[in-house]
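Have a look at the structure below before the remarks.
The values are calculated or read from the model by the stated rules, or taken from the named source; none is laboratory data. In this text, all values refer to a predicted model and were calculated from it rather than measured experimentally. Ideal geometry is used to build each Cβ from the backbone, glycine not excepted, and the neighbour counts take in all protein chains shown. Heavy atoms of the whole protein, side chains included, go into the accessibility calculation; ligands, DNA and RNA do not. Shrake-Rupley method; radii C 1.70, N 1.55, O 1.52, S 1.80 Å.
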Amino acid sequence: MITKFIFNSQYILKELPPADKDLLEELMIDKKYRKNQPIFTEGTLPSGIFYLQSGKVKKYKIDNDGREQIIYIYNEGEFFGYSSVLSENTYGDTAVAIENAIISFITINDFNRILNNSSSFSRLLLKSLSHEFSVLANLIAVLSQRTVRERVALNLLILHDKYKVDAIAITYIKLSRSDLANMAGTVVETLARVLHDFKHDKLIATDGRKIQLLNIERLIHIANFY
């Protein structure tokens with residue numbers, strides 16, 4: 001059920017025919033980004049699309065009060081920034097690395113060339129865009145209709161999926177409290193109280209800014225996203 005809150009565009013590269021995948025990878029220009037370094041900014045014109053090789057990137061908008069509302073956190077293996085290229089419009093949000101990252105860039109000209117020559121790539125991007133629209137609609141509904149406690153529980157579950165390495169290893173969420181508050185649409189002080197309650201109820205454990213989920217089933221029940 002958590003998939004309805006996660007873009008998960010990792011399948012795009014995996015499902016491309018070998019020739020199309022090879023061409024796409026040949027056109028990628030790798031660049032290292034430091035933690036907190038912007039990748040693109042809301043209102044600017046796109047010059048290409050991005051593929052996250054390693055690290056994590058937050059996508060956010062600034063509200064009328066100057067506060068960040070984090071829309072999504074991209075994980076290794078995800079494409080991003082292509083909706084603005086396809087719509088031939090400025091970026092509708094800002095993307096910033098939340099940890100050191102390696103990001104591949106594909107210029108607009110190369111991106112359009114691949115689209116024109118690969119029906120598979122076009123189909124997979126359309127599939128991804130359709131799913132992203134559904135995810136954003138679900139997240140907006142959560143922000144407007146759920147309590148802070150429900151929103152924090154849901155975002156912990158989303159982040160657990162993002163930070164999970166495999167089914168055996170213990171998963172630690174390593175996100176600043178301000179970013180987690182901005183994901184849940186609340187302030188840091190309120191977030192701290194909710195996390196304290198979760199910790200008291202043995203739903204989570206904390207070590208500095210690291211969070212480990214101890215009772216996923218209970219958090220799913222609290223999140224109320226069935």
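Counting only helical runs of four or more DSSP H residues, what would the 222 nm mean residue ellipticity of the chain come to if each run contributes -39,500 (n - 2.57) and the total is spread over all its residues?
Working: 9 runs with 103 residues, N = 226.
Calculated mean residue ellipticity at 222 nm is -14000 deg cm²/dmol.
With all protein chains kept in place, the per residue accessible area of the chain amounts to 51 square angstrom at a probe of 1.4 angstrom. Shape of the stretch 25-125 from the C-alpha gyration tensor: oblate (a/c of 1.5 or more and a/b not above b/c, with a ≥ b ≥ c the square roots of its eigenvalues).
Hydrophobic, long helices, defined as DSSP H runs whose alpha-carbon span along the helix axis is 27 Å or greater and whose mean Kyte-Doolittle value is at least 0.5, occur in the chain at 119-145. Model label sites at residue 67 and residue 164, defined 7 Å from Cα along the beta-carbon direction, differ in position by 3.0 nm. Here residue 165 sits with roughly 120 square angstrom of accessible surface, probe radius 1.4 Å.
Enter the accessible area of residue 196 (Å², nearest 10), with the probe set to 1.4 Å and all protein chains included. Approximately 120 Å² for this residue. Restricting the calculation to alpha carbons of the chain gives Rg and Dmax of 18.0, 56 angstrom.
Size check on the stretch 8-82: the Cα extents along the three principal axes, sorted descending, read 48, 22, 22 Å.
Kirkwood Rh and Cα-based Rg: tell me the resulting Rg over Rh for the stretch 113-196, rounded to two decimals.
Value, to two decimals: 1.13.
Want the number for residue 140 to residue 210: 0.36 nm per residue separation, take away the alpha-carbon distance, what's left? Display every interim value, and only then the final one.
Working: separation 70, 0.36 × 70 = 25.20 nm, distance 2.64 nm.
Separation in residues times 0.36 nm, less the Cα-Cα distance, equals 22.6 nm.
Of 41, 186, which has the most accessible area and how do the rest follow, probe 1.4 Å? The partial results should precede the final answer.
Details: 41 65, 186 25 Å².
Most to least solvent-accessible, the answer reads 41, 186.
Computed in the context of the full set of protein chains, the accessible area of the stretch 3-50 at 1.4 Å probe radius has 53% of its extent on carbon or sulfur. For the stretch 162-226, the Cα-based Rg and Dmax, in that order, read 12.0, 33 Å.
Each label was represented as a point 7 Å from its Cα along the Cα-to-Cβ direction; for residue 123 and residue 102 these points are 3.1 nm apart.
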